[in-house]
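Heads up: the structure comes next, in structure tokens.
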Amino acid sequence: MSGGKFLETLAGKRHPTPPIWLMRQAGRYLPEYRAVRSTTRSFLEFCYTPDKAVEVTLQPIRRFGLDAAIIFSDILVVPDALGQKVWFAEGEGPKLEALTDPSQFGRLSRARLQEHLAPVYEAIRRTRAELPRETALLGFAGAPFTLACYMIEGGGSKEFGKVKKWAYAHPESFKLLIDLLIDAVVDHLGHQVDAGADAVQLFDSWAGVLPEEQLFHWSLDPMVRIAKGLRVRHPHVPILAFPRAVGPAALMYRLPETFSALSLDTGIGAHWAAKEIQPHICVQGNLDPIMLVAGGEAMEREATRILDKLGHGSYVFNLGHGVVPQTPPDHVARLVEIVRNWKPSS
Ligand code: 1CP
């Protein structure tokens with residue numbers, strides 16, 4: 001099977017040590033990324049230039065020999081493809097021309113999504129051709145609630161006051177946006193699989209800001225509907241879910257029976273996850289990204305603790321969130337060594 005240890009693990013096969021890849025494994029912490037990044041001013045233009053996207057996707061694979069690559073792109077290419085204005089202000093993160101009124105939803109359209117995102121699909125096609133057979137290639141998308149956060153807040157946020165107020169006070173119109181995003185994400189993931197992605201991950205980075213009932217409604221249910229929609233077109237593609245900071249709710253609402261793996265944030269204890277989640281579904285995670293900055297003995301102890309808890313079951317080693325820019329690349333190399341040299345204790 002191409003895609004090696006990572007895909008085999010998702011299919012239920014066990015290896016002596018788990019596969020490893022890292023969220024945000026391509027990025028500013030790598031000098032070779034910064035060198036390519038500096039050749040294009042606009043971040044979106046960078047994402048839409050297949051030569052550059054392929055190159056930076058391959059960089060962490062060449063350097064660290066990880067078991068999976070993730071295509072270099074961003075979750076905000078979907079609102080961009082739907083016709084919302086998106087840009088990245090230097091040092092400030094993403095900015096969007098915020099939606100302030102439901103009447104503006106009418107301006108968003110899926111009609112040109114495939115054409116608009118053709119460079120992403122081209123980058124996937126070329127990356128798959130260049131990757132070693134045993135390295136899996138992941139496609140990805142933001143889940144509807146997280147996309148709606150950026151689309152309504154107009155960028156990152158601390159309180160998420162606008163998007164939450166809209167969802168709570170005007171659920172009918174919020175549902176229109178979520179439904180449009182479900183269809184757009186199914187399209188985008190389907191095209192990524194058509195282009196050669198071996199598996200896909202859905203990032204619901206801000207799911208954890210919703211109280212329980214709203215969480216089911218606006219985060220977990222849309223994620224399940226996306227997985228079902230994608231499986232109509234691609235019945236066997238592995239789909240990973242990352243509903244960040246939702247705690248034990250990660251176990252609920254049919255996530256374990258719908259997805260191939262659950263990616264856990266750092267807030268979920270490895271011991272609890274091994275007992276309560278792993279018997280139902282493959283677990284991915286959840287080293288604190290700042291442990292990777294700290295390195296040394298602290299990182300070694302914590303990575304080994306997580307391996308000792310989760311490494312005996314169905315498991316993919318990863319972080320609890322993305323690699324941060326101040327991470328020393330040598331610490332990543334050391335982490336890969338720790339995972340590959342781990343010996344199960346019994
Ligand atoms: O040049 C740069 O350094 C810009 C920083 C950057 C990078 C490297 C952004 C802007 N996006 C990306 C790439 C990216 N984004 C990838 C592919 C690379 C990889 O993983 O190796 C992926 C999977 C994402 C996903 C993404 N973008 C998420 C979901 C995962 C998560 O981190 O929670 C989110 C929320 C975004 C939005 C976004 N794009 C960029 C930034 C800085 C942000 C976060 C802004 C915020 O905190 O609100």
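Below are the figures for this structure:
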| read-out | value |
| --- | --- |
| Selected residue (criterion: farthest from the ligand (Cβ to nearest atom)) from residues of the stretch 315-346 that are assigned to a loop (DSSP other than H, G, I, E, B) and of a type in the set (A, V, I, L, M) | 324 |
| Members of the stretch 288-314 found to be more than 21 Å from the chain's Cα centre (by Cα) and either within 16 Å of the ligand (Cβ to nearest atom) or outside any helix (DSSP H, G or I) (or both), listed by number | 295, 311, 312, 313 |
| Yes/no for residue 57 being among the hydroxyl-bearing types (Ser, Thr, Tyr) and either surrounded by fewer than 23 Cβ atoms within 10 Å (Cβ to Cβ) or over 18 Å from the mean Cα position of the chain (by Cα) (or both) | no |
| The lone exception for residue 277 - which of (1) surrounded by 21 or more Cβ atoms within 10 Å (Cβ to Cβ); (2) within 23 Å of residue 26 (Cβ to Cβ) it fails | (2) |
| Qualifying residue in the stretch 93-102 (condition: closer than 30 Å to residue 166 by Cβ, near the ligand (Cβ under 9 Å from one of its atoms), touching a residue at least 12 places away in the same chain (Cβ under 8 Å) and loosely packed, with under 14 Cβ neighbours inside 10 Å) | yes |
| Number of positions in the stretch 10-45 that are outside any helix (DSSP H, G or I), out of contact with any helix residue (DSSP H, G or I) (no Cβ under 9 Å at 6 or more places or on another chain) and of a type in the set (A, V, I, L, M, F, W, C) | 1 |
| Of all residues in the stretch 37-53 being among the aromatic types (Phe, Trp, Tyr) and within 12 Å of the ligand (Cβ to nearest atom), the one that is surrounded by the fewest Cβ atoms within 10 Å (Cβ to Cβ) | 43 |
| Residue within the stretch 132-141 that is within 13 Å of the ligand (Cβ to nearest atom), hydrophobic (A, V, I, L, M, F, W, C) and in contact with an Asp or Glu (Cβ under 6 Å, 6 or more places away or on another chain) present | yes |
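So that you can scan it fast, the table gives a plain yes or no per residue for (1) touching a residue at least 60 places away in the same chain (Cβ under 8 Å); (2) over 21 Å from residue 136 (Cα atoms); (3) touching a His at 6+ places or on another chain (Cβ under 6 Å); (4) buried (at least 21 other Cβ atoms within 10 Å of the Cβ):
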{"residue": "159", "(1), (2), (3), (4)": "no, yes, no, no"}
{"residue": "162", "(1), (2), (3), (4)": "yes, yes, no, no"}
{"residue": "177", "(1), (2), (3), (4)": "yes, yes, no, yes"}
{"residue": "188", "(1), (2), (3), (4)": "yes, no, no, yes"}
{"residue": "192", "(1), (2), (3), (4)": "yes, no, no, yes"}
{"residue": "215", "(1), (2), (3), (4)": "no, yes, no, yes"}
{"residue": "218", "(1), (2), (3), (4)": "yes, yes, no, yes"}
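Only the coordinates and a few stated rules stand behind these numbers; no lab work does. Since this is a predicted model, take the numbers as computed values, not measurements. Here the Cβ is made from the backbone with ideal geometry for all residues, glycine too, and neighbour counts use every protein chain on show.
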